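The values are calculated or read from the model by the stated rules, or taken from the named source; none is laboratory data. No experiment lies behind these values; they were computed from the predicted model shown. Virtual Cβ from ideal backbone geometry, glycine too; neighbours counted across all protein chains shown.
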Amino acid sequence: MIYLNGKQEEISEGISLAELVRERQYCLDYIAAELNGEIVPKQQYKDTILRSGDKLEIVSFVGGG
Amino acid sequence: MEEREIWEALCSRHSTAVQEKLWRAQVAVAGLGGLGSNIAVSLARIGVGHLHLLDFDEVDLTNLNRQYYFLRHIGMKKTEALKEILLDINPYLDIQTDCRKVKGEDIPQLFQKDEYICEAFDRAEQKAMLVNGIREYFPDKVLVAGNGMAGYGKSNEIQTRKVGKNFYICGDGVSQSVPGRGLMAPRVALCAAHQANLITKLIIESEDI
């Protein structure tokens with residue numbers, strides 16, 4: 001169980017950030033992800049394994065400004 | 001108008017202690033569209049002393065439904081048009097301009113001097129690129145991004161949210177610009193005001209060095 005954007009969510013054991021992003025159908029080009037308060041560079045998504053209790057924020061941007 | 005007169009007018013509204021903080025602050029505004037032009041004007045009015053304006057584009061007629069430009073600016077670089085407007089409000093501001101498209105690899109050099117950074121781009125991938133880059137290279141700088149402000153109404157859904165240390169997002173998070181429900185002055189200005197208001201608070205409440 002992790003906190004995704006402030007909400008408790010069940011996740012598969014040993015899942016990587018890259019897999020979660022794919023599973024939740026986020027568009028990679030439009031997001032920024034912060035794990036426990038630190039940005040995760042995109043090239044590290046596949047090596048970033050999520051652990052129970054992690055606080056993950058995935059900001060998904062929409063066009064307009 | 002003398003610099004002293006403008007300074008005294010600002011201090012009479014804000015107090016000298018507050019004005020000194022605002023005058024010393026260095027804020028970058030990345031993207032000078034509906035968000036960025038309105039953010040910069042707000043910050044210029046309260047006498048934020050050092051503004052760094054970044055945009056590659058020129059003013060066109062379709063911008064005038066929401067962006068802080070006038071007919072006479074059409075065809076001008078947004079950096080130059082906005083600088084002119086800001087200096088009409090306060091000619092003693094220090095305004096640095098970069099008329100260029102921001103790329104990921106330029107971020108460390110481009111934003112080195114800025115203490116506060118407003119993300120005010122239009123396209124989602126540009127927004128994400130800037131946020132990823134700033135958070136990666138400059139986690140100690142304050143970053144305020146805008147996300148989701150198209151359409152009209154639903155004023156109270158525009159919110160300011162703290163995402164992490166030094167990182168905030170303003171907007172409703174979902175309203176993207178689509179044909180028939182595009183960006184309009186009132187709601188874009190609302191989001192821009194959230195961003196400018198947060199920057200103002202963070203400057204005033206910052207610790208003296």
Condition test on A:Tyr30, is it within 11 Å of the chain's Cα centre (by Cα), within 13 Å of another protein chain (Cβ to nearest Cβ) and not charged (D, E, K, R)? no
Being closer than 11 Å to B:Met149 by Cβ and surrounded by fewer than 24 Cβ atoms within 10 Å (Cβ to Cβ) is the filter here, so list the residues in the stretch B:188-208 that pass it. B:Ala189, B:Leu190, B:Ala193, B:His194
Those residues of the stretch B:78-94 which are buried (at least 18 other Cβ atoms within 10 Å of the Cβ) and touching a Ser or Thr at 6+ places or on another chain (Cβ under 9 Å), in sequence order: B:Lys78, B:Thr79, B:Ala81, B:Leu82, B:Lys83
Where in the stretch B:36-124 are there strands (runs of 3 or more DSSP E), lying fully within it, with 3 or more residues that are more than 26 Å from B:Glu3 (Cα to Cα)? B:116-119
Report yes if A:Leu50 is within 13 Å of chain B (Cβ to nearest Cβ), modelled with pLDDT of 95 or more, within 21 Å of B:Arg135 (Cα to Cα) and surrounded by 13 or more Cβ atoms within 10 Å (Cβ to Cβ), otherwise no. no
With criteria (1) acidic (Asp, Glu); (2) within 14 Å of chain A (Cβ to nearest Cβ); (3) crowded, with 20+ Cβ neighbours inside 10 Å, B:Asp114 comes up short on (2)
For the stretch B:1-19, how many residues meet the condition of being surrounded by fewer than 15 Cβ atoms within 10 Å (Cβ to Cβ), assigned to a helix (DSSP H, G or I) and without any contact (Cβ under 8 Å) to a residue 60 or more places away in the chain? 8
May I ask you to list pairs of residues, at least six apart or on different chains, whose Cβ atoms are under 8 Å apart, with the first in the stretch B:119-137 being facing chain A (nearest Cβ under 7 Å) and among the polar types (S, T, N, Q) and the second being assigned to a helix (DSSP H, G or I) and surrounded by fewer than 24 Cβ atoms within 10 Å (Cβ to Cβ)? B:Asn132/A:Lys42; B:Asn132/B:Gly104
